[in-house]
Amino acid sequence: MDFFDAIYKRASYREEFDGAGIPKADLEEIVEAGIKAPSGYNHQTTSFIIVTNTEVKSKLAELVPTKAMKTAAAVIIPVSSYWEANNGLSFEIEDYAASVENIMLAIVAKGYAGVWVDGQMKLGHTGDKIAELIHLEDGLTARAVIPVGRPVKDVPQKEKKSFGERAKFIE
């Protein structure tokens, strides 16, 4: 798929998936897109857990009970580690966000759908519960869950404001 096609088709898919699996090679390619994202000071604070185990996916869906989580072929969990430069700057959140957007575009480019679930991680200590479930080592934070699969419904991108409403040239 063309790069701009992926951008124009990228949308959050919260509905059910068709139940078909995803080849491991596709998951590796999708996550590799996240690994290739830019990182402040090239410290590479974001890593990934890829869950295809049915039992673990079921437990994740209990913590984040959405249609997408209950039927996902795989769940990608971006995790990050805090790192601070000598000047006090940290880019952990920016690193994580850049990597996840790359993953979301790769999901679309490979013909799948997914949703970046971040907010629910902050409610009811869900992120901590997920970290415990996947035996995340100390010093790492589970930032989101990304359920991935083949959609059973169309995945339309929501209407966006026009270029003129959101951008301007200073010439």
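The values are calculated or read from the model by the stated rules, or taken from the named source; none is laboratory data. Worth saying up front: this structure is predicted, and the values here are computed from it rather than measured. A quick note on method: Cβ atoms are made from the backbone with ideal geometry, for glycine too, and the neighbour counts reach across all protein chains shown. Heads up: the accessible areas ignore ligands, DNA and RNA and are worked out on the full protein's heavy atoms, side chains in. Shrake-Rupley method; radii C 1.70, N 1.55, O 1.52, S 1.80 Å.
Structure summary
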item: Relative contact order [Cα under 8 Å, 6+ residues apart], the chain, whole percent; result: 35 percent
item: Largest-first principal axis extents of the Cα set of the stretch 70-163 (Å); result: 45, 38, 25
item: DSSP-loop GluC sites (Glu not before Pro) across the stretch 38-108, with at most 14 other Cβ within 10 angstrom; result: 84
item: Rounded percent of accessible protein surface that carbon and sulfur make up, the stretch 7-66, 1.4 Å probe; result: 50 percent
item: Charge dipole (debye, nearest 20) of the stretch 1-54; +1 at Cβ of Lys and Arg, -1 at Cβ of Asp and Glu; result: 240 debye
item: Fluctuation leader among 117, 51, 152 - the chain, Gaussian network, Cα springs under 10 angstrom; result: 152
item: The chain, dipole about Cα centre (Lys/Arg Cβ +1, Asp/Glu Cβ -1), debye to the nearest 20; result: 600 debye
item: For the chain, Kirkwood radius (reciprocal of mean inverse C-alpha pair distance, Å); result: 16.9 Å
item: Karplus-derived 3J(HN,Hα), 6.51/-1.76/1.60, for each residue of the stretch 135-145, Hz, glycine and proline x; result: 6, 5, 5, 4, x, 10, 10, 6, 8, 6, 10
item: Residues of the stretch 31-91: accessible area per residue with a 1.4 Å probe, Å²; result: 53 Å²
item: Apportionment of accessible area to carbon and sulfur, the stretch 81-147, percent (1.4 Å); result: 52 percent
item: Cut-off of 10 Å, at most 14 other beta carbons, DSSP loop: longest stretch of the chain lacking such chymotrypsin sites (Phe, Trp or Tyr not before Pro); result: 83-168
item: Value of [θ]222 nm, deg cm²/dmol, for the chain, DSSP H segments ≥ 4, -39500 (n - 2.57) each, nearest 500; result: -10500 deg cm²/dmol
item: ³J(HN,Hα) computed for each position of the stretch 26-39 - Karplus, 6.51 cos²θ - 1.76 cosθ + 1.60, integer Hz, glycine/proline x; result: 5, 4, 4, 5, 4, 6, 4, 4, x, 5, 7, 5, x, 8
item: Cα gyration tensor shape for the stretch 109-171, rounded if a/c is under 1.5, else prolate or oblate; result: oblate
item: Total charge dipole magnitude, the stretch 77-171, about the Cα centre, Cβ charges on Lys, Arg, Asp, Glu only, Debye to nearest 20; result: 640 debye
item: Backbone HN-Hα couplings from phi across the stretch 112-122 [Karplus 6.51/-1.76/1.60, Hz, Gly and Pro as x]; result: 9, 9, x, 9, 8, 9, 10, x, 5, 5, 8
item: Hydrodynamic radius by Kirkwood, which averages 1/r over all alpha carbon pairs of the stretch 39-98, in angstrom; result: 13.1 Å
item: Under 5 Å, built H, 5+ apart or other chain: amide partners of residue 17; result: 71
